[in-house]
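Peer 1: A single structure is presented below for examination.
The values are calculated or read from the model by the stated rules, or taken from the named source; none is laboratory data. The structure displayed is predicted, hence computed values, not measured ones. Counting neighbours? That spans all protein chains shown, and the Cβs are built from the backbone with ideal geometry, glycine included. Note: areas computed on protein heavy atoms with side chains; ligands, DNA, RNA excluded. Shrake-Rupley method; radii C 1.70, N 1.55, O 1.52, S 1.80 Å.
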Amino acid sequence: MRMGADPTRQQESTIVGAIGTSVPHDSSQLHVTGGAIYTDDIVESQGLLHVAVGMSSRAHAKITNLDLDAVLAAPGVVAVMTADDIPGANNFGPVLDDDPILAPGLVEYIGQAVFAVAAETVDEARKAALLASIDYDDLEAIIDPREAIEKNSFVLPSETLERGDCRQAIGAAEHSLKGNVSLGGQDQFYLEGQIAMAEPAEDGDLVVYSSTQHPGEVQHRVAAAIGKQAKDVIVECRRMGGAFGGKESQPALIACIAGLMANKTGHACKLRLDRDVDMIMTGKRHDFIIGYEVGFDSNGRISGVDFMFASRCGMSADLSGAINDRTMFHCDNAYFLENVRIISHRCKTNTVSNTAFRGFGGPQGMFAIEYVIDDIARYLNKDVLEVRKCNFYGKTERNITHYQQKIKDNVIAEIVDDLVDTADYRQRVEEIREFNRGSAVLKRGIALTPVKFGISFTATHLNQAGALVHVYTDGTVHLNHGGTEMGQGLFTKVAQVVANELQIDIDRIKITASDTSKVPNASATAASAGSDLNGKAAQAAARKIRKRLIRFAAKHFSVAKSEVQFRNNEVHIGGANGEQRLAFAELVHLAWLARVSLSATGFYRTPKINYDRATFSGRPFFYFAYGAAVSEVIVDTLTGENRLLRVDILHDCGDSLNPAIDMGQIEGGFVQGAGWLTSEELCWSEAGELQTHAPSTYKIPACSDRPIDFRVRMLESNANPASTIYRSKAVGEPPLMLALSVFYAIRDAVSSVGEQRRIPRLQAPATPEAILNAVMEQQASR
Ligand code: MTE
Ligand code: HPA
Ligand code: MOS
């Protein structure tokens with residue numbers, strides 16, 4: 001077991017599932033044997049109907065006529081439904097009421113739900129949905145964010161965050177550069193697509209099984225849609241087959257449609273999107289247009305930077321406000337920006353409403369400053385790492401972010417220095433230069449990029465969590481909390497917390513489905529804060545019960561409370577009469593006989609955070625997670641094809657709760673980020689039709705795309721200075737941004753084509769096509 005610096009960690013614990021041990025994911029066996037029950041595997045009740053959605057074929061139009069006769073007459077069809085049939089609120093938007101469930105006579109993107117049809121089988125429902133006759137009166141459609149800016153088309157007001165006077169600083173600087181770059185979006189491509197099943201209960205109530213990161217929100221939106229209240233709807237989710245942010249807000253659409261149909265027909269109703277529909281109808285990572293102007297000295301130290309961010313939000317606000325805020329917070333990455341202005345446009349386009357995706361706008365901000373740093377180094381013909389280092393935040397000075405948060409936990413220099421050594425960075429830079437001099441077609445490139453990622457929801461009120469723990473008289477435990485499991489191992493980590501607090505083996509704890517009737521008002525499991533929040537809430541609940549048991553045992557055995565200790569599935573009772581041990585279950589049974597309550601709720605709210613959105617200042621983040629990666633690539637300059645040769649990662653998980661799970665998050669996050677920046681490309685036609693909506697045209701990384709040589713390490717003995725659960729650190733999102741190193745390694749390889757004389761204009765994603773374009777520009781400049 002790894003020893004944590006947190007004294008509350010049980011130092012000699014031998015329980016299965018002790019904190020800091022690599023207990024397997026609680027469902028790992030069920031995952032690989034097919035025994036894990038996902039929403040679509042839940043036994044269907046008698047008379048269940050399958051729902052399909054009729055989608056808009058226009059990006060922006062008035063519906064002048066909607067004829068569903070053929071749909072209703074199709075085989076197996078039981079019911080159809082349009083916006084007019086919604087008894088309650090026709091909205092599933094998480095923040096604003098601008099997301100209609102079914103289009104109310106106006107469509108705003110291709111793929112928008114216009115009507116729903118319920119039939120006896122999936123195939124019947126899906127076939128029937130294609131039979132509608134819809135007449136449109138086309139309106140002007142805006143697809144591109146550039147056009148949105150020109151036409152002042154925004155889902156939310158543009159924001160500006162400013163410190164110092166960047167214009168003055170850039171004007172006075174020794175050197176300056178300006179440029180722009182486009183950065184693509186990304187589909188979440190969870191294995192399990194969006195799905196919900198709604199079952200009618202007594203008196204018009206509904207029980208909804210939803211693949212969602214946010215059961216509480218689904219509960220509220222479904223209740224409002226059917227014209228009822230939160231108390232009338234229960235939402236449950238045992239697990240998701242991946243979510244990656246794509247199930248933070250938009251499962252509400254799927255659940256509302258299933259719920260409305262169940263409400264209308266009195267039958268259980270299930271809506272499961274197939275892959276194409278899922279990709280067309282639900283939102284993705286925001287793509288961006290980024291403009292910048294930077295002033296710097298001859299060392300490459302930035303004196304002023306002026307950023308313009310414009311993201312394609314799609315037809316509604318969804319979570320775009322918080323996402324674009326996070327872009328503004330993270331366009332410093334690990335660098336001190338003394339004079340900075342950030343203008344952020346949240347463009348309204350007639351495309352699907354973009355949403356959360358691992359990193360939540362952070363990766364886009366970090367991409368931008370890394371682009372600027374890379375430009376500076378190439379302009380000055382300096383080592384990029386040296387330019388990075390001279391811009392790093394300091395520990396005692398240059399340590400206040402542009403949003404006025406003082407950074408107290410900065411370990412970026414330690415991580416980077418360690419990685420430079422262990423990855424042989426400097427020697428490999430030389431070898432690569434040498435290789436490239438002798439290689440006309442194949443070019444290698446290398447880059448080391450840092451990550452600093454702020455942990456907490458930026459909306460302060462969301463940083464709260466609840467848990468519910470029952471101990472049964474046989475000493476086994478029922479555990480519930482407001483978090484959801486999407487493969488990230490949250491349920492295992494929280495069970496480890498409870499196992500540790502009660503000092504019992506983890507297999508005595510039943511991990512149960514997220515359920516709005518057990519723990520209410522939970523935030524989405526997001527912002528990487530799942531284990532920070534729910535771990536603490538479950539700890540609080542377990543400690544309440546432990547305290548009651550201690551009080552009882554002290555009285556029962558006539559010893560001091562300090563002489564009752566929980567250890568290794570037993571309770572040790574000290575005292576003058578010598579030590580007595582009894583099994584945990586025995587004590588529990590005795591306590592029950594004495595009528596001690598064995599059930600408790602726990603609550604947690606993140607301390608010390610406070611932040612004023614109006615001024616973009618304060619302390620939005622409880623702490624930061626850090627990491628760095630070195631990537632080396634080889635690029636074929638005739639085709640743009642490339643391979644990831646070697647990746648070295650050093651990542652900070654604080655005192656890891658579960659190193660195996662955290663390693664999985666690091667590796668998975670990195671590979672997912674590499675996909676975003678290299679092979680995953682979303683293309684829209686001029687009419688606004690998504691043309692990449694299946695794995696045939698949208699290429700996520702395969703096993704063969706992982707780095708040939710992949711060396712991942714976690715930072716040793718770095719207990720989180722912030723008092724998180726057992727001093728661990730959130731790990732869900734930060735590693736995705738380690739993949740920035742892949743993009744910049746490719747840019748490094750491309751720049752060697754022009755013998756480093758010209759700054760390559762590589763766009764993201766660096767697909768073979770984008771690489772080839774950049775290579776040809778380099779060649780033209782020779
Ligand atoms: N890991 C897996 N396997 N599947 C997922 O869907 N989502 C990521 C990350 N890791 C995800 C994942 C995202 S976007 C977030 S915010 C966190 O997990 C959420 O879980 P946590 O807060 O418990 O880390
Ligand atoms: N991250 C993820 N999801 C969120 C956030 C955030 O900062 N704020 C609101 N939803
Ligand atoms: Mo993660 S993007 O915060 O769901």
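Peer 1: Relative contact order for the range 34-126: what is it in percent, counting Cα pairs under 8 Å that are at least 6 residues apart?
Peer 2: 44 percent
Peer 1: Further question on the same structure: Assign unit charges at the C-beta atoms only (+1 for Lys and Arg, -1 for Asp and Glu), then state the dipole size of the range 308-351 relative to its Cα centre in Debye, rounded to the nearest 20.
Peer 2: 220 debye
Peer 1: Could you derive backbone 3J(HN,Hα) for the range 395-403 from the dihedral phi with the Karplus parameters 6.51, -1.76 and 1.60 (θ = phi - 60°), listing whole Hz in sequence and x where the residue is Gly or Pro?
Peer 2: 8, 10, 9, 6, 10, 10, 6, 5, 9
Peer 1: Run down the lysines and flag those whose C-alpha is under 25 Å from the C-alpha of Lys151, throwing out any fewer than 8 positions away in its chain.
Peer 2: Output for Lys151: Lys62, Lys178, Lys284, Lys348.
Peer 1: Next question. Roughly how many debye, to the nearest 20, is the charge dipole of the chain about its Cα centre, given +1 on each Lys and Arg Cβ, -1 on each Asp and Glu Cβ, and no other charges?
Peer 2: Dipole magnitude for the chain comes out near 2540 debye.
Peer 1: Oh, and also: To check you understand DSSP bridge types, tell me what percent of the beta bridges within the range 166-276 (both residues inside) are antiparallel, rounded to 5.
Peer 2: Percent antiparallel among DSSP bridges in the range 166-276 is about 70.
Peer 1: Determine the per residue accessible area of the chain with all protein chains present and a 1.4 angstrom probe, expressed in square angstrom.
Peer 2: 36 Å²
Peer 1: What percent do you get for the relative contact order of the chain when only Cα pairs under 8 Å and 6+ apart count?
Peer 2: This gives 15 percent for the chain.
Peer 1: Quick one: Karplus J couplings for the range 166-175, per residue in order, coefficients 6.51, -1.76, 1.60, θ = phi - 60°, nearest Hz, x for Gly and Pro?
Peer 2: These are the phi-based 3J(HN,Hα) values: 5, 5, 5, 5, 5, x, 8, 6, 4, 10 Hz.
Peer 1: Next up: Calculate what fraction, in whole %, of the accessible area of the range 502-626 sits on carbon and sulfur atoms when a 1.4 Å probe is rolled over the protein chains.
Peer 2: Of the solvent-accessible surface of the range 502-626, carbon and sulfur hold 48 percent.
Peer 1: Let me ask something else. Show me, for the range 539-552, the HN-Hα J-couplings you get by feeding each phi into the Karplus relation (A = 6.51, B = -1.76, C = 1.60, θ = phi - 60°), rounded to Hz, glycine and proline as x.
Peer 2: 4, 4, 5, 4, 5, 4, 5, 4, 4, 5, 5, 5, 4, 5
Peer 1: Students sometimes get this wrong: rank Trp684, Trp592, Trp676 by accessible area, probe 1.4 Å, all chains present, largest first.
Peer 2: Trp592, Trp684, Trp676
Peer 1: Tell me what the chain gives for mean residue ellipticity at 222 nm when only DSSP H runs of n ≥ 4 count, each as -39,500 (n - 2.57), the sum divided by the residue total, rounded to 500 deg cm²/dmol.
Peer 2: Computed ellipticity for the chain at 222 nm equals -8500 deg cm²/dmol.
Peer 1: Heavy atoms only, probe 1.4 angstrom, no DNA, RNA or ligands counted: give me Glu370, Glu338 ranked by accessible area, highest first.
Peer 2: Of Glu370, Glu338, the descending order of accessible area is Glu338, Glu370.
Peer 1: Can you pull out the GluC sites (Glu not before Pro) in the range 545-627 that DSSP calls coil and that have at most 12 other Cβ atoms within 10 Å?
Peer 2: Counting only loop positions with at most 12 other Cβ atoms within 10 Å, the GluC sites (Glu not before Pro) in the range 545-627 are Glu579.
Peer 1: Calculate how many DSSP beta bridges within the chain are antiparallel, expressed in % of all such bridges and rounded to the nearest 5.
Peer 2: Beta bridges within the chain, antiparallel portion: roughly 80 percent.
Peer 1: May I ask which residue of Phe189, Phe115, Tyr136 lies farthest towards the positive end of the charge dipole of the range 82-207, with charges of +1 (Lys, Arg) and -1 (Asp, Glu) on Cβ and the Cα centre as origin?
Peer 2: Result: Phe189, furthest along the dipole toward the positive end.
Peer 1: If you roll a 1.4 angstrom probe over the protein chains with everything in place, what fraction of the accessible area of the range 641-729 belongs to carbon and sulfur, to the nearest %?
Peer 2: 51 percent
Peer 1: Follow-up question, since we're still on this one. Please state the relative contact order of the range 413-489 as a whole percent: Cα pairs under 8 Å, 6+ residues apart?
Peer 2: 15 percent.
Peer 1: Still on this structure: Once you've got the Cα coordinates, tell me which of Lys382/Lys452; Lys452/Lys547; Lys510/Lys729 are over 28 Å apart.
Peer 2: Too far apart for the 28 Å limit: Lys452/Lys547.
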